[in-house]
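Visitor: Have a look at this one before I ask anything.
The values are calculated or read from the model by the stated rules, or taken from the named source; none is laboratory data. These figures come from a predicted structure and were not determined experimentally. Cβ placement follows ideal geometry from the backbone for every residue including glycine, while neighbour counts extend to all protein chains displayed. Side chains are part of the model used for accessible areas, which takes the heavy atoms of the whole protein and leaves out ligands, DNA and RNA. Shrake-Rupley method; radii C 1.70, N 1.55, O 1.52, S 1.80 Å.
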Amino acid sequence: MARYIGPVCRLCRREGEKLFLKGEKCAKNSCPVSKRPTAPGQHGTSRKKLSEYGQQLREKQKAKRIYGVLEKQFRMYFEEADRIKGITGENLLKLLELRLDNVVYRMGLGRSRTEARQVVRHNLITVNGKKVNIPSYQVRVGDVIQVRDKSRSLDRFKEILAVTDRRAIPEWLSSDQAELKGVVNAVPTREQITTDVRETLIVELYSK
């Protein structure tokens, strides 16, 4: 499966804000975005005022980078969101939030979405008792997500929970960190999705 393998801090600098792609490092003073708030490249210091199209493009790029999705898959999410009854932009964010790797991250079983994706890919997660190693797997209401029995004692999860135990769990999820387990209680509403994305700009971009 295709994925971005370059320096992730470069992505944050390009968007001009912290996307929290590296977990707790992003909150430290050593974060490259804090030290070098300009865009990467030789022309990075000269940010120009974006056109309407530029704003729409940047918002789409930001959403892709936050959720770790490349262009082809992101376009497929948009087309599916457009087919679903409701507001297309909100549907898009809901589909992204219900990815298994994002749910694992929201439960606090990954310090970043990248780490949560890795946890899923390494066969450490079950959904309703069955092993699932597909990060893009769409969870449903009532699904039980849990770390496999054989993997619960791993030091890795102790290190993760030491960082994420203070993280707020979204209202649409319930999480038992002692059992390394969570349940999807509902489809998230737009108000419950805290990702800083202006989805209307993405819809405008794809609607041209």
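Visitor: Condition first: open to solvent by 20 Å² or more (accessible area, probe 1.4 Å) and assigned to a loop (DSSP other than H, G, I, E, B). Now tell me which residues in the range 171-206 satisfy that.
Guide: Listed by number, the residues that qualify are Glu171, Gln177, Ala178, Glu179, Asn185, Ala186, Val187, Thr189, Thr194, Asp196, Arg198.
Visitor: Tell me, yes or no, whether the range 94-106 has at least one residue that is among the polar types (S, T, N, Q), part of a helix (DSSP H, G or I) and modelled with pLDDT of 95 or more. Don't jump to the end; show me each part of the working.
Guide: Of the residues in the range 94-106, the ones among the polar types (S, T, N, Q) are 102.
Narrowing the set further to residues that are part of a helix (DSSP H, G or I) leaves 102.
Still in the running and modelled with pLDDT of 95 or more: 102.
Yes - at least one qualifying residue is present in the range 94-106.
Visitor: While we're looking at this one, here's another question. Name the pairs: first residue in the range 111-135 and at positive phi, second residue among the acidic types (Asp, Glu), Cβ to Cβ under 8 Å, at least 6 apart or on different chains?
Guide: Asn128/Asp143
Visitor: Looking at the range 149-170 only, could you name the residues that are part of a loop (DSSP other than H, G, I, E, B) and either touching a residue at least 40 places away in the same chain (Cβ under 8 Å) or closer than 14 Å to Leu124 by Cβ (or both)?
Guide: If we filter the range 149-170 for residues that are part of a loop (DSSP other than H, G, I, E, B), which is where we start, we get 152-154, 165-170.
Within the range 149-170, Arg152, Ser153, Leu154, Asp165, Arg167, Ile169, Pro170 meet the criteria.
Visitor: Can you tell me which residue in the range 122-148 is farthest from Ala186 (Cα to Cα), limited to those that are part of a loop (DSSP other than H, G, I, E, B) and among the charged types (D, E, K, R)?
Guide: Selected residue: Arg148.
Visitor: Yes or no: Ser136 under 17 Å from Asn123 (Cβ atoms) and not hydrophobic (A, V, I, L, M, F, W, C)?
Guide: yes
Visitor: Please count how many residues of the range 135-156 are open to solvent by 60 Å² or more (accessible area, probe 1.4 Å) and in contact with a helix residue (DSSP H, G or I) (Cβ under 7 Å, 6 or more places away or on another chain).
Guide: Summing the residues that are open to solvent by 60 Å² or more (accessible area, probe 1.4 Å) and in contact with a helix residue (DSSP H, G or I) (Cβ under 7 Å, 6 or more places away or on another chain) in the range 135-156 gives 1.
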